[in-house]
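Worksheet: one structure, shown below.
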Amino acid sequence: MPAITVDNILVLPRLPRPDAATSRERAVTRLVTAHTQREGAGFEVRRPFPSMDLRSADPFILLDEMGPVTYEPHEAKGAPWHPHRGFETVTYVLDGSMVHHDSHGGGGTIGEGDTQWMTAGSGILHDELPAEDLVVRGGDMHGFQLWVNLPRDNKMAAPRYQDLRAAELTLVSSHDGGALMRIIAGDIGGFAGPGSTHTPIAYAHASLTPGGQLETPWPQDFTAMVYVISGSGTLGADRRPVVSGQLAVLGRGDSITVGADMKQESRTGDMEVLLLGGQPIREPVVQYGPFVMNTRQEIIDAIEDFQAGRMGRIPAEHGVGHH
């Protein structure tokens, strides 16, 4: 189900329609189908990148779609305690809820429509688990995690969180009311999302009614990608057909066009997409699991710091034997 809905989309502020005479519509340069793999304690994700087809997506490192899945009682799984350094994670939940804890004593719940930003920076330990009632009773789970790289000067920044409730997201409609967009971060068409990042990015979730079209300005100096959550339609200046689980990388330009097919095979009845892009960092990237740095020596340093407990330690109340 969509994380956020409105009773009347026509009352929302509207994105400006790109001027056909002066704007340059971005075309699809690459189309990638997400592969499936298991993460954490064994939950399944769809991952369009990094992959064999798309190894680099500067300034992003990874995009995982968790679900959609309906868990039976005591079947839901999460990601037990693990470290991070050198980047930011953005968790966006559509269905269900996640509970997190960290080695600094922080924690909280990410519910439907909520977004949480975690700047790992110099290093932190944390866990991400389904809420207890979801584990006990079972239920729906669907969400995304995006890893945003940090430039060299910010890789050792102090860890921090931003918890954004669903009501804080910026809601706008397409110029004709055929699409609803939730802006999570960045400036899109003069409307700003609440998320604050070290690396300038734009991140949004759009729902298009059958036959609807989304035409939106996009920052010219940003990269641009569109991931199809569900449904089918077309993308870009060349109207490339796309379906659920595909990610399109777009070329240069200052506007993006998404069109929804008249018939949608999706849980919501709409075509659901993520729009994401950012200012390329253009620095060397060396990744080893949960560590993303610029050099091999920095990865070795991260491993040693983790092993020595310099990224923090698991709080006693969350240690062995605690459920």
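The values are calculated or read from the model by the stated rules, or taken from the named source; none is laboratory data. Just so you know, these numbers come straight off a predicted model, no measurement behind them. All Cβ positions, even for glycine, are placed from backbone atoms using ideal geometry, and neighbour counts span all protein chains on display.
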inquiry  = Being assigned to a loop (DSSP other than H, G, I, E, B), within 23 Å of LEU235 (Cα to Cα) and in contact (Cβ under 8 Å) with a residue 12 or more places away in the chain is the filter here; which residues of region 5-48 pass it?
reply    = LEU15, PRO16, ARG17, PRO18, SER23, ARG24, ARG26, ALA27, ALA34
query = Got at least one residue in region 98-111 being charged (D, E, K, R), out of contact with any Ser or Thr (no Cβ under 8 Å at 6 or more places or on another chain), part of a loop (DSSP other than H, G, I, E, B) and closer than 26 Å to GLN287 by Cβ?
reply = no
key: Single residue of region 145-174 satisfying the filter (touching a residue at least 60 places away in the same chain (Cβ under 8 Å), under 27 Å from ASN8 (Cα atoms) and not aliphatic (A, V, I, L, M)) that is surrounded by the fewest Cβ atoms within 10 Å (Cβ to Cβ)   = SER173
request  = With the condition kept exactly as written, say whether any residue in region 173-192 is under 25 Å from VAL292 (Cβ atoms), in a loop (DSSP other than H, G, I, E, B) and among the aliphatic types (A, V, I, L, M).
outcome  = no
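Counting only residues that are outside any strand (DSSP E or B) and touching an Asp or Glu at 6+ places or on another chain (Cβ under 9 Å), which one in region 133-150 is modelled with the highest pLDDT?
It comes out as LEU150.
To keep it simple, each residue is scored yes or no on (1) under 23 Å from ALA185 (Cα atoms); (2) within 14 Å of the chain's Cα centre (by Cα).
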residue: LEU62; (1), (2): yes, yes
residue: MET66; (1), (2): yes, yes
residue: THR70; (1), (2): no, no
residue: PRO73; (1), (2): no, no
residue: GLY78; (1), (2): no, no
residue: ARG85; (1), (2): yes, no
residue: GLY96; (1), (2): yes, no
residue: HIS101; (1), (2): no, no
residue: ASP114; (1), (2): yes, yes
query = Taking region 258-291 as the search range and keeping residues that are within 20 Å of ARG182 (Cα to Cα) and acidic (Asp, Glu), which one is modelled with the lowest pLDDT?
reply = ASP270
inquiry  = Checking the conditions here, which among THR91, THR70 is under 19 Å from ARG165 (Cβ atoms) and either polar (S, T, N, Q) or out of contact with any strand residue (DSSP E or B) (no Cβ under 9 Å at 6 or more places or on another chain) (or both)?
reply    = THR91
ask   = Looking at (1) over 22 Å from ASP53 (Cα atoms); (2) of a type outside the set (Gly, Ala, Ser); (3) under 21 Å from the mean Cα position of the chain (by Cα); (4) surrounded by fewer than 21 Cβ atoms within 10 Å (Cβ to Cβ), can you tell me which one TYR288 breaks?
value = (1)
remark   = Given the conditions (1) under 23 Å from GLU25 (Cβ atoms); (2) more than 15 Å from the chain's Cα centre (by Cα), every one holds for TYR203 apart from (2)
inquiry  = If GLU88 satisfies all but one of (1) at pLDDT below 90; (2) in a strand (DSSP E or B), what's the number of the condition it fails?
reply    = (1)
task = Go through the residues of region 178-193 one by one and say whether even a single one is touching an Asp or Glu at 6+ places or on another chain (Cβ under 9 Å) and surrounded by fewer than 19 Cβ atoms within 10 Å (Cβ to Cβ).
result = no
request  = Test each condition in (1) at pLDDT below 90; (2) touching a helix residue (DSSP H, G or I) at 6+ places or on another chain (Cβ under 7 Å); (3) not small (Gly, Ala, Ser); (4) not in a strand (DSSP E or B) for LYS77 and report the one that comes out false.
outcome  = (2)
query = Looking at THR199, is it modelled with pLDDT of 95 or more, more than 27 Å from ASP7 (Cβ to Cβ) and among the polar types (S, T, N, Q)?
reply = no
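Which is modelled with pLDDT of 90 or more and surrounded by fewer than 18 Cβ atoms within 10 Å (Cβ to Cβ), of ASP7, ASP95, ASP58?
Values: ASP7 fails: modelled with pLDDT of 90 or more; ASP95 fails: surrounded by fewer than 18 Cβ atoms within 10 Å (Cβ to Cβ).
None of the others qualify; the one that does is ASP58.
Before we move on, is VAL273 within 19 Å of ILE9 (Cβ to Cβ), hydrophobic (A, V, I, L, M, F, W, C) and either touching an Asp or Glu at 6+ places or on another chain (Cβ under 6 Å) or part of a strand (DSSP E or B) (or both)? Write out each step before concluding.
Values: within 19 Å of ILE9 (Cβ to Cβ): yes; hydrophobic (A, V, I, L, M, F, W, C): yes; either touching an Asp or Glu at 6+ places or on another chain (Cβ under 6 Å) or part of a strand (DSSP E or B) (or both): yes.
For VAL273, the condition - within 19 Å of ILE9 (Cβ to Cβ), hydrophobic (A, V, I, L, M, F, W, C) and either touching an Asp or Glu at 6+ places or on another chain (Cβ under 6 Å) or part of a strand (DSSP E or B) (or both) - is met.
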